[in-house]
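> This structure is in structure tokens; I'll ask about it shortly.
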Amino acid sequence: MARNELSQRPEWQGKSAARGHGAEDVFSVIMEMHLSGTHYRTEYKPVSLRGIYGTRSAGGKQRPHGIRPEYAITNELNGKSIFVEIKRQRAAGNAHERACKYMMPGILASAREIGRHSDEVIPFWWIFTNGIASDQYYRQEIMHWFKGIEANVLLWTNVRDKNAVIDHFDNRIRPLLE
């Protein structure tokens, strides 16, 4: 598609990001309330993975080049962290495909080192919401792609259901932080 044709397409990214931030905000409130008074802390847009690729020149300055998942949850007693990626979309699109970048060997190695995990631990928690979490086509595809590490995936079909997040964290993610 040529630049002119692209400029004529309706802009969707801003609206999509606003909806996505809604799910992120709900997640943040749930986890901050659940972890309040514990030795766990949450960090929005953690910077710890920001420079894993090195640096890049931007605006005449060297800037960190890497990734920034939505959250990190850290056990303050041992320094272990799990990085949280939240993907929200209707039952159409490629958010689930973009989530797969976190399975690249280099990203896994960096996240394990920074998150203080052994090679057996997947240091990411993927949360899929909205249509992508409830549509059977996407559910099948996601669960096939993440076969063997299903404990790290939450298909959060109802963002008002705080218990789905809390139960998944307590039963599947928290043990990775101990």
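Rule-based calculations on the coordinates, nothing more; no lab input. Keep in mind it's a predicted model, so treat the numbers as computed, not measured. Using ideal geometry, Cβ is built from the backbone for each residue, glycine included, and neighbour counts are taken over all protein chains shown.
> Using θ = phi - 60° and the Karplus relation 6.51 cos²θ - 1.76 cosθ + 1.60, list the HN-Hα couplings for segment 95-101 in order, rounded to whole Hz, with x at every Gly or Pro.
For segment 95-101, the Karplus-derived couplings read 4, 5, 5, 5, 5, 5, 4 Hz, x marking Gly and Pro.
> Another question, if that's okay. Considering only DSSP beta bridges whose two residues both sit in the chain, what percent are antiparallel, to the nearest 5?
Counting DSSP beta bridges with both partners in the chain, the antiparallel share is about 60 percent.
> Name the long-range amide H neighbours of Phe124: under 5 Å, sequence gap of 5 or more, or other chain; modelled H, no Pro or chain starts.
Placed amide hydrogens put Phe83 under 5 Å from Phe124.
> What are the radius of gyration and Dmax of segment 58-109, computed over its Cα atoms and given in Å?
Both quantities, over Cα of segment 58-109: 14.7, 41 Å.
> Where a Cα-Cα gap under 14 Å defines reach, which aspartates and glutamates qualify for Lys162, not counting those fewer than 8 residues away within the same chain?
Once the sequence-local aspartates and glutamates are set aside, what remains near Lys162 is Glu24, Asp25, Glu32, Asp170.
> Rg/Rh for the chain to two decimals, with Rh computed the Kirkwood way over all alpha-carbon pairs.
Value, to two decimals: 0.98.
> Could you sort 119-130, 100-111 so that the peptide with the highest average Cβ count within 10 Å comes first and the rest follow in order? Before the final figure, lay out each step's value.
On the way: 119-130: 20.8, 100-111: 14.7.
Going from most to least packed, we get 119-130, 100-111.
> Across segment 150-166, in residue order, what do the Karplus-derived ³J(HN,Hα) couplings come to in whole Hz, using 6.51 cos²θ - 1.76 cosθ + 1.60 with θ = phi - 60° and x for Gly and Pro?
In residue order, the calculated couplings are 4, 4, 8, 10, 10, 9, 8, 6, 10, 5, 7, 8, 5, 5, 4, 5, 4 Hz.
> Which one of Leu108, Ile142, Asn130 is farthest out on the positive end of the charge dipole of segment 83-151, using unit charges on Cβ (Lys, Arg +1; Asp, Glu -1) and the Cα centre as origin?
The Cα lying farthest towards the positive end belongs to Asn130.
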